[in-house]
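These notes concern the structure reproduced below.
The values are calculated or read from the model by the stated rules, or taken from the named source; none is laboratory data. Small disclaimer: the values here were computed from a predicted structure and weren't measured. Here the Cβ is made from the backbone with ideal geometry for all residues, glycine too, and neighbour counts use every protein chain on show. Just the protein is used for accessible areas: all its heavy atoms, side chains included, with ligands, DNA and RNA removed. Shrake-Rupley method; radii C 1.70, N 1.55, O 1.52, S 1.80 Å.
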Amino acid sequence: MINKIWVGMLVIGIVFAGFNGKMAEVNEAIFAGAKDAVAICIGLISILVFWLGLMKIAQVAGMLKGLARLMRPVAVRLFPEVPPNHPAMGYILSNMTANLFGLGNAATPMGIKAMEQLKDLNEGRDSASRSMITLLAINTASITLIPTTVISIRMSYGSVSPTEIVGTTLLATTCSTIGAILIDRYFYYRRVRKGRA
C-alpha cells in the first residue's frame, strides 16, 4: 500500500511540475537529493558499523544477556500473556535491548520475530493481541540510552558536539515510553470494562 502512495505522490509531483513549467527544478532536486542520500548513507554506514561492532562485542561478552536478565522482570509485567520462557519473550527482550542502545536497524528483525511468535500465541488470529499492541507501543517510543543513528547523522553533517543530545534524548524517550505504556494500559482496561458491561 505504501508503495502505491509513494508512486502516486511521485507521479502527481512530476505532472504538476510539467504543467507549471518547473521540470528543470524537479530534475535538479532529484539529482541533488540522490547525491545527498548517497553521501549520508556512506557516512552513516561507517558509524553504524562501529556501533554494531560494539554491540557484537557486548553480546559475546555476555553484557546483553545480563541486561536482558535485568529487564526480564519489567518485561514479564508488561507482557503478562507471554509465558516467561516462551521464545517471544527472548525476542521482546532482544528488541528492547537493541532499542535501548539506539540500534533500530538491529531491533527491527527482533521485533518482527517477536510479532511472529506473539501471533502464534494469539492462535494465528489477524486481530492484534494485547501483547502485540504493547510491543508496538514500546518499540515505537522506546527508551534510548545512546541515540546511535542521530549521533551518526550529526557527525556526518559536521556537528561540533554530536553527542550533546544524549541527555535530552534519554529524557524525551523516557517520557514517551511512560506515556505509551499508560495509554496502552488505559485503552486495554477500558476495552475490558466495556466487555464486562
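Given Leu93, Leu121, Leu103, which one is at negative phi and at pLDDT below 85? Step through it out loud before you land on a result.
Details: Leu93 fails: at pLDDT below 85; Leu121 fails: at pLDDT below 85.
That would be Leu103, the only listed residue that is at negative phi and at pLDDT below 85.
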Scan of the range 79-98 for residues that are over 18 Å from the mean Cα position of the chain (by Cα) and not aromatic (Phe, Trp, Tyr), ordered by number:
Pro80, Glu81, Val82, Pro83, Pro84, Asn85, His86, Pro87
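Within the range 85-106, how many residues are open to solvent by less than 10 Å² (accessible area, probe 1.4 Å), among the aliphatic types (A, V, I, L, M) and assigned to a helix (DSSP H, G or I)?
5
Does any residue of the range 40-47 turn out to be surrounded by 10 or more Cβ atoms within 10 Å (Cβ to Cβ), at pLDDT 80 or above and among the polar types (S, T, N, Q)? Quick ask: steps written out before the conclusion?
So the first thing to find is which residues in the range 40-47 are surrounded by 10 or more Cβ atoms within 10 Å (Cβ to Cβ), and the list is 40-47.
Right, trim to at pLDDT 80 or above and you get none.
Checked against the condition, which is being surrounded by 10 or more Cβ atoms within 10 Å (Cβ to Cβ), at pLDDT 80 or above and among the polar types (S, T, N, Q), the range 40-47 yields no hits at all.
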Exactly one condition in (1) more than 30 Å from Val150 (Cβ to Cβ); (2) of a type in the set (A, V, I, L, M, F, W, C); (3) modelled with pLDDT of 85 or more is false for Val7; which is it?
(1)
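Okay, residues lined up against (1) free of Cβ contacts under 8 Å to residues at least 12 places away in the same chain; (2) under 23 Å from Leu182 (Cβ atoms); (3) among the β-branched types (Val, Ile, Thr):
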position	(1), (2), (3)
Val49	yes, no, yes
Leu78	no, yes, no
Asn99	no, yes, no
Leu118	no, yes, no
Thr134	no, yes, yes
Val150	no, no, yes
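Which one of Thr163, Thr173, Thr144, Thr177 is in contact (Cβ under 8 Å) with a residue 40 or more places away in the chain and closer than 16 Å to Phe101 by Cα?
Working: Thr163 fails: in contact (Cβ under 8 Å) with a residue 40 or more places away in the chain; Thr173 fails: in contact (Cβ under 8 Å) with a residue 40 or more places away in the chain; Thr177 fails: in contact (Cβ under 8 Å) with a residue 40 or more places away in the chain.
Only one candidate qualifies: Thr144.
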